[in-house]
Amino acid sequence: MGSYSEFHRRSIEQREAFWREEASRVHWHKPFSQVLDYSRPPFARWYVGGETNLCYNAIDRHLAERAAQKALIWISTEVGEEKSYTFAELHAEVQRVAAMMQALGVGRGDRVIIYMPMIAEACFAILACARIGAVHSVVFGGFAASSLAARIDDARPRLMITADGGSRMGKSVLYKALVDESIRLAKSPPEKVLIFRRGLDPKLQMVAGRDVDWAELAPKHAGARVPCVWLESNQPSYILYTSGTTGQPKGVQRDVGGYAVALASSMERIYCGRPGETMFTTSDIGWVVGHSYIVYGPLIAGMTTIMYEGVPIRPDAGVWWKIVQDHKVSVMFSAPTAIRVLKKQDPAYLQKYDLGSLRYLFLAGEPLDEPTHVWISEALHKPVIDHYWQTETGWPILSAVPGVERTKLKFGSPSFPVYGYDLRLLRESDAADAEDNEKAVVAIVPPLPPGVMTTVWGDDERFVKTYFTTFAKKMVYATFDWGIRDAEGYYFILGRTDDVINVAGHRLGTREIEEAVNMHPNIAECAVVGVADPLKGQMPLAFAVAKNATGLEAPENRKRLEKEVMETVDRQLGAIARPRAVHLVTLLPKTRSGKTLRRAIQALAEGRDPGDLTTIEDPGALEQLKNALAAA
Ligand code: ATP
Ligand code: MG
């Protein structure tokens, strides 16, 4: 991989020259005076003194050339609607919402919590905040009232924007009622709540003096012209709380200029998206992927972006591929969990549509196991690029970078460190660089590149303490993930550093055991956790979902499959890693972003309280787990 490795090296060794060039991809109202100020490690300030605006780069800048091009296509298979907005129309909608927000007292630096389903108005609200210099904090619609209240108290918003409801699998999910509850729980609630009504909650109650009906306010601001507020590059653009998979969510704060540059650069170099083309990212605006690659990234790149409300298998498992065909999607971005859902459906759905426009499918969010990677690559006949990143980083850390060089892909590997990241694998014991094929902590030597979080909202000290103090000897950013690099320089993520179990003195990653379980041809997916064992300290315990469950009602067939799975693990990793038991279930407990709730599974398996489960996708999964454990 000659030329990419050269490119990467230059991004580190000639950091400022490199990022000065990349900065020319965005519009600067006022040029920056310094590329990087790193006088207060580990805080990196990019493009000091430069003034820009994310909304200007996403919309206004394109008006001369693309006013009539579609900017946003909203598709809901939940309510059976589709609507599109050209750049000119999006410009008008965003200015109207910006004017509405100003009328409700929102100004530069004020926080606005957006708690909305996947509707176009959510995108308008995000861009309107950016336009007037307000700091948005989008909270994923799946969070419960108490989680929302905690975020309200941390962000102290002047305004909250919500909708009456969303829809999932044809069932209404009430948002406004939950917002009411969260405001009751919060210590510092906003004065105003703006509500977009879709007609999903006939019993909706407006609170006098606080609640404002979008439909009443909007006509007063039709045709509004609201200029972009120019912000110094290091002003906050938004706060986004991490998923909370491993603990208390952290308020990730992002800047303006560095983020704009990182997105503009990655859209071309990583995603190979071209102006005028269409990108389809199946995530949710409540997650970082939605911020970067549903809303800001594609628009900054002059692309059409698709916002999708619905699931991948309704009305049938071909719905996403139909969207790719109908809208000539060239770049698609999804998550391994969705692909595993599709893997359980009839593969014929993938052959039904013309996918000729599609160049790449990118996947991120959790480990992409090799069998799933192979399956989707073969089904699509397109390169499927696994890439690894975090809410904290805002854009990929490990990825193939086909816009620079089309390197060979390896199944199960998110390829190489992305340019700008001085990525290291460090030994946990002494922070020394690990050898090839040696498992170690994935770390980044600061300064962190543009686009990555600048601090924890309101708490610089927590930023330093949380991310930069893992190693006593070196101030490096810890990802809290294990990784390994092979002799060809390809990286593999082996799971989180807190997902390690200790079996009779052997340290085993639960991810490795999961990979081994997945090697069984009839296993679709699994979760492995460590449970306390009086003899060995800890033992792995597996919960697995069969691809084909025919005949598995019979105890002897279940026993046979369980035994085969154990033998598969023996062959792959040795008997030391063999699970104490393999429980067959039809569903794993996951967050709505597809992350397996290992902490909760482990707690249940050890008979402890599973804690806050508000982000769980389907509570039925927990019931199954409990039943399986009780029957054992
Ligand atoms: P919290 O930090 O609050 O516990 P979280 O880590 O789940 O929540 P995210 O930032 O959404 O929140 O997730 C990032 C994590 O997801 C990574 O640190 C990694 O563990 C996992 N991940 C993301 N992409 C990949 C990938 N391609 N391969 C393996 N793991 C991935
Ligand atoms: Mg994390």
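Descriptive notes on the structure:
- Considering residues of segment 134-148 that are in contact with a Gly (Cβ under 8 Å, 6 or more places away or on another chain) and within 19 Å of Asp211 (Cβ to Cβ) only, the residue modelled with the lowest pLDDT: Gly141
- Of the strands (runs of 3 or more DSSP E) contained entirely in segment 210-268, those carrying at least 3 residues that are within 16 Å of ligand 2 (Cβ to nearest atom), surrounded by 19 or more Cβ atoms within 10 Å (Cβ to Cβ) and not assigned by TED's automatic domain parsing to the domain that holds Asp164 fall at 238-241, 251-254.
- Scanning segment 163-196 for residues that are part of a loop (DSSP other than H, G, I, E, B) and either over 22 Å from Ser137 (Cβ atoms) or in contact with a strand residue (DSSP E or B) (Cβ under 6 Å, 6 or more places away or on another chain) (or both) turns up Met169, Gly170, Tyr175, Pro190.
- Whether a residue is crowded, with 16+ Cβ neighbours inside 10 Å, of a type outside the set (D, E, K, R), closer than 23 Å to Ser415 by Cα and touching a residue at least 12 places away in the same chain (Cβ under 8 Å) was assessed, and Thr479 passes this test.
- In segment 484-520, the residue that is farthest from ligand 1 (Cβ to nearest atom) out of those that are small (Gly, Ala, Ser) and in contact with a strand residue (DSSP E or B) (Cβ under 7 Å, 6 or more places away or on another chain) is Ala504.
- Counted residues, segment 369-388 - those being β-branched (Val, Ile, Thr) and assigned to a strand (DSSP E or B): 2
- Residue count for segment 390-413, restricted to those that are under 21 Å from Lys439 (Cβ atoms) and out of contact with any Gly (no Cβ under 9 Å at 6 or more places or on another chain): 7
- Applying the condition of being without any contact (Cβ under 8 Å) to a residue 60 or more places away in the chain and in contact with a Leu (Cβ under 8 Å, 6 or more places away or on another chain) to segment 529-544 and asking which residue is surrounded by the fewest Cβ atoms within 10 Å (Cβ to Cβ) yields Ala544.
- The numbered conditions (1) under 15 Å from the mean Cα position of the chain (by Cα); (2) more than 16 Å from ligand 1 (Cβ to nearest atom) are all true for Ser243 except (2).
- Elements of type strands (runs of 3 or more DSSP E) contained in segment 1-86, each with 2 or more residues being touching a residue at least 60 places away in the same chain (Cβ under 8 Å) and closer than 23 Å to Ile270 by Cβ: 43-48, 70-76
- Condition check for Arg151: assigned by TED's automatic domain parsing to the domain that holds Ser188, touching a Phe, Trp or Tyr at 6+ places or on another chain (Cβ under 8 Å) and either at pLDDT below 90 or of a type in the set (Lys, Arg) (or both): yes
- Residue count for segment 128-147, restricted to those that are closer than 13 Å to Met116 by Cβ and either of a type in the set (S, T, N, Q) or outside any loop (DSSP other than H, G, I, E, B) (or both): 5.
- Just one of the listed residues (Leu541, Leu552) is under 14 Å from Pro579 (Cβ atoms), modelled with pLDDT of 90 or more and more than 26 Å from the chain's Cα centre (by Cα), and it is Leu541.
- Tallying residues that are crowded, with 20+ Cβ neighbours inside 10 Å, free of Cβ contacts under 8 Å to residues at least 24 places away in the same chain and part of a loop (DSSP other than H, G, I, E, B) within segment 590-624 yields 0.
- Note on segment 290-368: enclosed helices (runs of 4 or more DSSP H) holding 3 or more residues that are more than 24 Å from Pro521 (Cα to Cα) are 297-300, 319-326.
- Residues in segment 389-443 that are among the β-branched types (Val, Ile, Thr), more than 12 Å from ligand 1 (Cβ to nearest atom) and surrounded by fewer than 22 Cβ atoms within 10 Å (Cβ to Cβ) were compared, and the one that is nearest to Asp499 (Cα to Cα) is Thr407.
The values are calculated or read from the model by the stated rules, or taken from the named source; none is laboratory data. Since we're looking at a predicted model, the values are computed, not measured. Here Cβ is always computed from backbone atoms with ideal geometry, including for glycine, and neighbour counts include all displayed protein chains.
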